[in-house]
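The structure under discussion appears below in the form of structure tokens.
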Amino acid sequence: MDEVVCVLRSVRSNRNLQKLSVFGDIYQQEPDDKHSHEIQQLIEEVLGNSKHLKWLSLGFMLEVVTPTTLAALPQSSANCIEHLSLLDTHFINKTPVIEAVELERFLNLRSLALDFCDFTAEVSRVLANSNHVPLHRLSLVIHHLSMSNTHVLDNMPQDADWKVLTRHRANLRVYIMAFNVRNDILLRILKPSIPLGRIHFDSSTNGVSGALVDIISRQYDKSLTHFLLIKDVEQRINGFPDLSDNRNEDPLVLLAWRCTKLSHLSIHGYAVWAHNLIAIARLRGPELQVLEVTEESINFDEDAMADLDGDPLHNLIEEVSIGLGKRWHPVMKNETLYVFSETTRYFYKEMQRFSEGI
């Protein structure tokens, strides 16, 4: 927090500032009231003095971002903003960081990142208004929704709202990050008309079902480019959950077959059969630029791999490498990829890359 304060003090009077991006300490359990209050004041000073700010990104700031934060931004400066990220902590019963009426001021917004509970049907209608430039990138974070707090879904955009939003915005793509969200709730959220480009599941309790993966591959076959499936569990005697359980076709193989733009697939904490991994590599080929699968997630079926002699893991590496047209290997236990270990930080960086790629 000291570093954030130092940086904000140095730029608070800079009228030529064009980009401000601040990422909070997500591991801090309790807000530091002294620092939080000063950061709130400094951010409002920066916004009040800015004349050319185009990029404003405040992520996971431990309640530093409040509903009054953006009120410090003059209308002339609000017209300059092209990217806005306001990502809070995982508290559900909170006052929205931004209301639809406040968002009406941002006429030149091209990319937006919000907590899902702040992205209401009313917000989507404001963004669909013809006096706004077309929105190109929308990132949404869904936090820990369970049956006890599904009231936040009452105001979410329905399929008709998504159709209106995308009607004159053919280039709009949506990035969804879901933390510990039940499958039945996800099914309510994932409307068919969402132009979903990326989806990232991360959970320690609620696992994603094969049926949900199947629906995603059907609904978003023409838009989905990134699919990340992470479950933070210790491997038990029965192994990781198997998405293909009691199914004729593996949902991940069908995803690779149906989603013709899929270029990134990351899996940890779910069982992936070696022969299905080979099928995925063959189906997508070089177009699958990133294939990250942890070694402990891979299962071997002796019957399916019977035609291949030698070490099963070596054979898998060779076959997947041939399918992808480049050298490949699974993520080993001693490797640290922050897509698996620091999910929130990973999402924040990827959200910025996603938003920049207009």
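The values are calculated or read from the model by the stated rules, or taken from the named source; none is laboratory data. Owing to the predicted nature of the structure, the values given are computational and were not obtained by experimental measurement. Note: ideal-geometry Cβ built from the backbone for every residue, glycine included; neighbour counts use all protein chains shown. Side chains are part of the model used for accessible areas, which takes the heavy atoms of the whole protein and leaves out ligands, DNA and RNA. Shrake-Rupley method; radii C 1.70, N 1.55, O 1.52, S 1.80 Å.
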Express in nm, to one decimal, how much length is gained between ASP221 and ASN16 on full extension, taking 0.36 nm for each residue of separation and deducting their alpha carbon distance. 69.5 nm
Can you give me the accessible area per residue for the chain, using a 1.4 Å probe, in Å²? 46 Å²
What is the total of Lys pairs in the chain with C-alpha atoms under 18 Å apart, excluding same-chain pairs fewer than 8 positions apart? 9
Accessible carbon and sulfur surface of the chain relative to its total accessible area, %, 1.4 Å: 47 percent
Report the relative contact order of the chain, percent, no decimals, based on alpha-carbon pairs under 8 angstrom and at least 6 residues apart. 10 percent
Suppose each label sits 7 Å from its Cα in the direction of the beta carbon; what would the ASP303-ARG188 distance come out to in nanometres? 4.1 nm
Using a Förster distance of 22 Å, the FRET efficiency for ARG167-LYS349 (Cβ separation, nearest 0.05): 0.10
FRET efficiency for ALA160 and LEU313, Cβ-Cβ distance as r, R0 = 35 Å, nearest 0.05? 0.10
What is the extension gain from HIS37 to SER341, computed as 0.36 nm multiplied by their sequence separation minus the C-alpha to C-alpha distance, in nm to one decimal? 106.4 nm
Calculate how steeply helix 210-219 sits against the longest principal axis of the alpha-carbon atoms of the chain, using the helix alpha-carbon long axis, and give the answer as 0 to 90 degrees to the nearest 10. 70 degrees
Taking the 0 to 90 degree range and rounding to the nearest ten, how far is the long axis of helix 2-11 tilted relative to the main principal axis of the chain, both from C-alpha atoms? 50 degrees
Residue with peak Gaussian network fluctuation, the chain [Cα springs, cutoff 10 Å], from GLU44, GLU342, GLU82: GLU342
Cα-projected label distance for HIS151 with ARG327, points at 7 Å along beta-carbon direction, nm: 5.7 nm
The chain: most fluctuating residue of LEU53, LEU252, LEU187 per GNM, C-alpha cutoff 10 Å: LEU187
Solvent-accessible area of ASP245 with every protein chain in place, 1.4 Å probe, in Å² to the nearest 10: 90 Å²
To the nearest 10 degrees, the tilt of helix 274-284 (Cα long axis) against the first principal axis of the alpha carbons of the chain is 60 degrees
FRET efficiency, ASP2 to LYS54 (Cβ-Cβ, R0 45 Å, nearest 0.05): 0.95
